[in-house]
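The values are calculated or read from the model by the stated rules, or taken from the named source; none is laboratory data. Worth saying up front: this structure is predicted, and the values here are computed from it rather than measured. We place every Cβ from the backbone using ideal geometry, glycine too, and count neighbours over all the protein chains shown.
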Amino acid sequence: MTSADTTRHPAAVDAPTLRDWMDTPDRPRVLDVRTAGEFTTAHVPGSYNVPLDLLTEHRDELAAHLAEDVVLVCRSGARAGQAEQVLAEAAADLPNLHVLTGGVVAWEAAGAPLVRGEERWELERQVRLVAGSIVLLSVLASLVVPGAVWVAGAVGAGLAGAALTNTCAMGMALSRLPYNRRNAPSLEQVLADLRSPASRGR
C-alpha cells in the first residue's frame, strides 16, 4: 500500500473485495500457488503463477521481495493458506499477506472474470482419480492376496490425515509430474516478476 493510504485489508479477502481492490492504485500483487497446468486453464486477471512447491522450496528468496500487499490464490483457499504459513515462517514481519477466501472457485462464482487457456485437470481431481484407483485396485487384488486390502486402508488413512492437517502429500507428489509442471515458471522468472513494478498491473 502507499504511505498515504490508511485502508487496511484483512488477512482473508473475499472475491468482491479483491475485485474492487484490484481497481485501485494500491492494487496488491496476486500470486496463484496452483500448478502451472491449473493456472493455464483459468486464472485471475493480473495474477501470476508461483506454484506451492516452488514457493516452499525458495520461501526465503521470495519473502525478501514481498514488501507490498500480496494476495495468495489457489483453487479453494487451502493451498493459499499453506503458502501464507510458509511465507510467514520465512519472514515474521510480513503483515501484508492475504488469502482469497474460496479461491478461484469463489472468484468465478462471484461473476469475476477469468483468463482462460488450455483445459487441464485440477490437482484435487487428479488426487481423487489416483486415490480412488489405488483403493479400487487394492480391494480387487485382495480377492487374490488378502493382505492387499491394507493398501486401501493406508490410502484412507492418508486422506483422513490430509483432511485433518489441511495438507496433501499425494497432491504435492502429483504436482511434480510433467503434466502439472509444463510451462511452470522458474525461480528466476518469479523473482523478476516480483522485482518489476509493472508486474502488479499485468
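Do we find a residue being of a type in the set (A, V, I, L, M), within 19 Å of Arg182 (Cβ to Cβ) and touching a Leu at 6+ places or on another chain (Cβ under 6 Å) anywhere in region 44-53? Yes, region 44-53 has at least one match. Filtering region 156-179 to residues that are among the hydroxyl-bearing types (Ser, Thr, Tyr), outside any helix (DSSP H, G or I) and modelled with pLDDT of 70 or more leaves only Ser175.
If you go through region 65-112 and keep only what is touching a residue at least 60 places away in the same chain (Cβ under 8 Å), within 18 Å of Pro45 (Cβ to Cβ), under 11 Å from the mean Cα position of the chain (by Cα) and not in a helix (DSSP H, G or I), you end up with just Leu100. In region 28-74, of all residues being closer than 19 Å to Asn96 by Cα and small (Gly, Ala, Ser), the one that is modelled with the lowest pLDDT corresponds to Ala67. Do the conditions hold for Arg128, that is, is it within 16 Å of Arg75 (Cα to Cα), among the basic types (Lys, Arg) and in contact with a helix residue (DSSP H, G or I) (Cβ under 9 Å, 6 or more places away or on another chain)? In short, no.
Within region 37-55, can you find the residues that are outside any helix (DSSP H, G or I) and within 23 Å of Arg125 (Cα to Cα)? If you could, list the steps in order and put the result at the bottom.
Of the residues in region 37-55, the ones outside any helix (DSSP H, G or I) are 42-51.
Within region 37-55, Ala42, His43, Val44, Ser47, Tyr48, Asn49, Val50, Pro51 qualify.
Would you point out the residue of region 8-36, among those that are under 28 Å from Leu174 (Cα atoms) and in a loop (DSSP other than H, G, I, E, B), that is farthest from the chain's Cα centre (by Cα)? Among residues in region 8-36 that are under 28 Å from Leu174 (Cα atoms) and in a loop (DSSP other than H, G, I, E, B), the one farthest from the chain's Cα centre (by Cα) is Thr35. Residues of region 56-82 that are among the hydrophobic types (A, V, I, L, M, F, W, C) and farther than 27 Å from Glu124 by Cα: Ala64, Leu66, Ala67.
Just one of (1) touching a Leu at 6+ places or on another chain (Cβ under 8 Å); (2) assigned by TED's automatic domain parsing to the domain that holds His65; (3) at negative phi fails for Val127. It is (2).
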